[in-house]
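Note sheet for the following structure.
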Amino acid sequence: MDPSFRLCFLAVAFGFVLIINGKLSFATSSYEADPPQPFIPERAGSEFDDPRFVAGGPAGDPGFGAGGPAMAPFGADFGVPEFGGPDFAGMMGPVPEPLFVPEFPVYIFYLGEKKLDDPKLVTQSHLEILKSVLGSEEAAEKSMVYSYHHGFSGFAAKLKPAEAEILKNHPEVIILLENRKLVMQTTRTWDYLGLFSNPASSKGLLPETNMGSGAIIGVIDSGIYPEAGVFDDNGYGPIPKHWKGECVCADQFSAKDCNKKLIGAKYYIDGLNSDLQTSINSTTEYLSPRDHNGHGTQVSSTVAGSSVSNVTFPGLTNGSIMRGAAPSAHIAMYKACWDVEGGMCSVADVWKAFDEAINDGVDVLSVSIGGLSEIKSLDIEIDIAIPALHAVNRGIPVVSPAGNGGSRSASVINVSPWIITVAATTLDRSLTAMVTLGNNKTLLGESLYAGPEMDFTDVKFIDDHSSVDASQMKGKVVMFFDTQKDVVPTPDIVKENGGLGVIYVRNPIDRIDCPVNFPCIQLEIDVGSELFFSTETASSTPKVKISTYKTIISEAVATKVGKSSARGPSAISPAVLKPDIAAPGVTLLTPRIPTDEDTSEFAYSGTSMATPVVAGIVALLKRMHPTWSPAAIKSAIVTTATKTDPHGELLSADGTNHKLADAFDHGGGLVNPEKATDPGLVYDMGINDYIHYLCSEALYTDKRVSAITGNVTEKCPSSGSSILNLNLPSITIPNVKAGNVTVTRTVTNVGNVDSVYEPVLEAPQGFVVKVSPEKLVFNKGISKATFTVTVSSGSHRVNTAFFFGSLTWTDGAHNVTIPVSLRTRFIENYFL
């Protein structure tokens, strides 16, 4: 192995950005693994601090248990269904203890594109800025947490609030941010998507890219468990010459843990530790790239895990093979998220991970992290969006989750147009167990119980969840109806009090973390109601038994947008369609970190696993089309997506109410990797388009624009330039009025040189939509064409909700489809 690859070094962290050190975190259940969500201080310090009591979500979610650093306000309704309904905070009991506030919080100062090439000179310029308020270089060096000097310019520093306020007005400071908390958000997947379902074939995305060989996928997450078989490097060629990253030796992680598969591993903790009352130490976490939480290992294996044969797991057929999307690609892990308070990341640490990943030479970034906010401000989504913009501007696609806001409208996160935002769907696989009643009638529910089928046992319905009464549980199967206004005991509480099994009856949007070794099943409300009625009307003591779960793979198992997958429209910019695309992210089988209590190698996980599915596909597309921009790759994925599952059934959207899925559920639709290799036309974008977005939606000034681009002559577009004309692979008009609205798009031909495309329009109900011209003609001298779409309100006379349709350009061989979403607004600032 190359000696330079084995380099171990002591990491010295510097940073330059003005943000109060924000934190990110992740919450992963055995059903749906969710992207990082904000810590909720109102829910800390109550009588329900025991995380085994849950309301609307799995135990261990961030926000339960003792308090932590405060985060910037995100609005009253942030839509994290795991934590329960809007009345949840009020029912949590006593007023919490005051949250710890550090004397010197971490702030992040963003300065834009770096003006110097030498990182040392960039760092020195950051120290000079700090020196201007702290008085000496020694004080500046002591204050600095990170200097961002590779991918962009900025720094993170520990300051008094008054000092930060002074630096906010420094002429070189573009943005000052608080260092917030964020949270972190498979075997059947690739056969389901048709990606390499026939290994003997020489055609297709995987064989034509040699399964991603040579691609480097950066993962910003919770670290990696290198011993997992999916990170084996047998048969790997040399490490790409452009790679400049390193393998950092630290707590139980050495150079030998890296190889030709895992070619880089770093960790970042200074930003988070600076804002914690008690610093993270080696007794509770690995102070190294080693994964303690498991989330990063799952993400890494999904994006680029090597093929592992003969996987054994309850419910799988013999000889099953596990592999990632790009099984021959290289992985670089950037650990910026930590197993504390349910899983947490610091914005300052995440920015440093971006900064170094850009410099190290990653080709794609998979970032299953995000915050939540519904307040429109200049700071919206900067946590991820600003460093992601610099990555994209250097040709590095950034893929992130839509979030776990559930089926609530406008809950989607990571909404910037340069980010590929991913919603999560189910597979054609169901993990099902049966509840058998005393009369032998069976009811189906979701379960991972892998033990033996239990004997008929007394069942007890418990409606008082406020306290635990062992006498009601001992020797029985207990049943709870969860209305989101109660805190229900988790399975381990039931087991500790002598219960033999547990049945949860819940709205389909909610989940409890059921173990594999205790009879536990989840029923939807209508099924649970039938069970309740049967027990209440039984002539003798009602009894039930719970079976071992079975894996059902069938076209009869509907593909649905996951219950917790966040929905559009974007609350920040409703004219920018989000999410962009959907991919399987629920009940995916991924490696896990074995423990003394559970030595199994694999586990089912969920929502944030949709992000690496798409990130791996993006890496393959970039290998096949190395000259395509991140926007072109995104366009290819969106315009070739399907509105049906692989069996031809229309996608539905799961949630409180089931419905057919629309663009706000899945963006362009379900990703179709093979079709994306040859999209015909692409809707391309570059930095000027993104500047247009920032000026229109975030109210950026010319000064900010020139700083971000590093071009002093760069300015915002004229006031007459509409955000509706951003060259997105979608058309979303949230304010159709009495007159006509016309939008413009430009497509680039990446298919046959000589081709003619004609439009096929599916107009949203009631609207009048016209496309001009009637043909797009391409030849050797013409590779781009512009068209307009004119919309009028048609039959609508009142303010409406969104209606959905599509526009397809076809040449007979390619169908280039974009979603069209329209809403009327005859009365401004009034919904209906």
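Along the principal axes of its C-alpha atoms, what lengths does segment 401-472 span, in descending order and rounded to whole Å?
56, 35, 21
Find the relative contact order for segment 429-553 and round it to a whole percent, using C-alpha pairs within less than 8 Å whose residues are 6+ positions apart.
39 percent
Quick check for segment 429-553: number of Lys pairs with alpha-carbon distance under 14 Å, counting only pairs 8 or more apart or on different chains?
Pairs that pass both the separation and distance tests number 10.
Averaged across orientations, what area in nm² does the convex hull of the alpha carbons in segment 730-824 project?
In nm², the orientation-averaged hull projection of segment 730-824 is 5.7.
What is the Cα centroid distance between segment 725-769 and segment 627-650, reported in whole angstrom?
Their Cα centres are 17 Å away from one another.
Calculate, for D117 and K775, the FRET efficiency according to 1/(1 + (r/R0)^6) with r their C-beta to C-beta distance and R0 45 Å; round to the nearest 0.05.
With R0 = 45 Å, the Cβ-Cβ based efficiency is 0.40.
Hey, can you rank 210-221, 686-697 by average C-beta count inside 10 Å, highest first?
The packing order, highest mean first, is 210-221, 686-697.
Using a 7 Å offset from the Cα along the Cα-to-Cβ direction at both N169 and K703, what is the distance between the two label points in nm, to one decimal?
1.2 nm
Tell me, what is the FRET efficiency for T810 and N517 to the nearest 0.05, using R0 = 35 angstrom and their Cβ-Cβ distance as r?
It comes out at approximately 0.05.
With the Cα gyration tensor of segment 627-769 in hand, give its eigenvalues times 5 under a square root as the equivalent ellipsoid semi-axes, listed largest first in whole angstrom.
Output for segment 627-769: semi-axes of 30, 21, 17 Å.
So for V106, V747, V769, fewest C-beta neighbours within 10 Å to most, what's the order?
V769, V747, V106
Want the number for S254 to I827: 0.36 nm per residue separation, take away the alpha-carbon distance, what's left?
Net length gain for the segment: 200.0 nm.
Separation between the S409 and K550 pseudo-spin-labels, each 7 Å from Cα along Cα→Cβ, expressed in nm?
4.1 nm
Could you work out how much longer the chain between T283 and R394 gets when fully extended? Use 0.36 nm per residue separation minus the Cα distance between them, nm to one decimal.
36.0 nm
Taking a ≥ b ≥ c as the square roots of the Cα gyration tensor eigenvalues, with a/c under 1.5 meaning rounded and otherwise prolate when a/b beats b/c, else oblate, which class fits segment 429-553?
Judged from the Cα gyration tensor, segment 429-553 comes out rounded (a/c under 1.5).
What distance in nm separates the simple spin-label points at N234 and E530, each placed 7 Å from Cα in the Cβ direction?
For the pair N234/E530, the computed spacing is 4.8 nm.
5 Å is the cut-off here: which amide hydrogens, built 1.01 Å from N in the peptide plane, fall below it relative to C249, excluding neighbours closer than 5 in sequence?
F9
Could you put S447, S629 in order, starting from the residue whose Cβ has the fewest other Cβ atoms within 10 Å?
By the 10 Å Cβ count, ascending, the order reads S629, S447.
For the pairs K131/K335; K634/K784; K560/K622; K563/K659; K560/K659, note any where the Cα-Cα span goes beyond 20 Å.
From K131/K335; K634/K784; K560/K622; K563/K659; K560/K659, over 20 Å: K131/K335; K560/K622.
Most exposed first by the Cβ proxy, i.e. fewest other Cβ within 10 Å, how do C258, C249, C337 rank?
So the residues, fewest neighbours to most, are C249, C258, C337.
Extension gain H242-N440, at 0.36 nm per residue separation less the Cα-Cα distance, in nm?
64.8 nm
Rule-based calculations on the coordinates, nothing more; no lab input. Because the structure is a prediction, the values reported are computed rather than measured. Note that we place each Cβ from the backbone using ideal geometry, even for glycine, and neighbour counts take in every protein chain shown.
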